[in-house]
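Enquirer: Let me give you the structure first, and then I'll get to my questions.
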Amino acid sequence: MTKLSTVCLLLALVVTGHLMSGSLAKPKDHKGPKCKGWHDLVSQCSRYVAVGKPVDIPTKRCCKVVKKADLSCACKKITASRHKRINVKKLVLVASYCGKRLRHGTHCGRKSIILY
């Protein structure tokens, strides 16, 4: 359960940051590296990783995006300002629920993923 929680949290943080911020959802996002699937993650999954939102099961569409996205790259895009909107634990949970696990030790924003 802890591994699933960590993956979902990371995914949630990435998605929430994009949806909750107009600047994150725009294609002119220059914060961090270009990542495969970043904008799709923001548009389809941000509500599941948002800070202050209840934990919810991601949609099939969100999971499809998660499976195609480069999550380790997306984690590098979680800046301090995005970290305020993205719950990394939810991101890890969402990713895990969708069948894509982040590696132990992956840095996502200011967090390091620890899987047990």
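Enquirer: Once amide H atoms are placed 1.01 Å from N in the peptide plane, what residues at a sequence separation of 5 or more from Ala50, or on another chain, have their amide H within under 5 Å of its amide H?
Expert: Answer set, sorted by chain and number: Thr16, Asn87.
Enquirer: List the residues whose amide H sits under 5 Å from the amide H of Cys108, counting only those 5 or more places along or on another chain, with H placed 1.01 Å from N in the peptide plane.
Expert: Amide H to amide H, under 5 Å and 5 or more residues apart or across chains, Cys108 pairs with Ile113.
Enquirer: Still on this structure, please answer the following. Could you go through the stretch 65-70 in sequence order and give the Karplus-derived ³J(HN,Hα) for each residue, using 6.51 cos²θ - 1.76 cosθ + 1.60 with θ = phi - 60°, rounded to whole Hz, and x for Gly and Pro?
Expert: 5, 4, 4, 8, 7, 8
Enquirer: Modelled label-to-label distance, Arg103 and Lys68, 7 Å Cα→beta-carbon offset: nm?
Expert: Distance between label points: 2.4 nm.
Bear in mind that the values in this text are calculations on the coordinates, not laboratory data. Small disclaimer: the values here were computed from a predicted structure and weren't measured. Every residue, glycine as well, gets a Cβ built from its backbone with ideal geometry; the counts of neighbours run over all protein chains shown.
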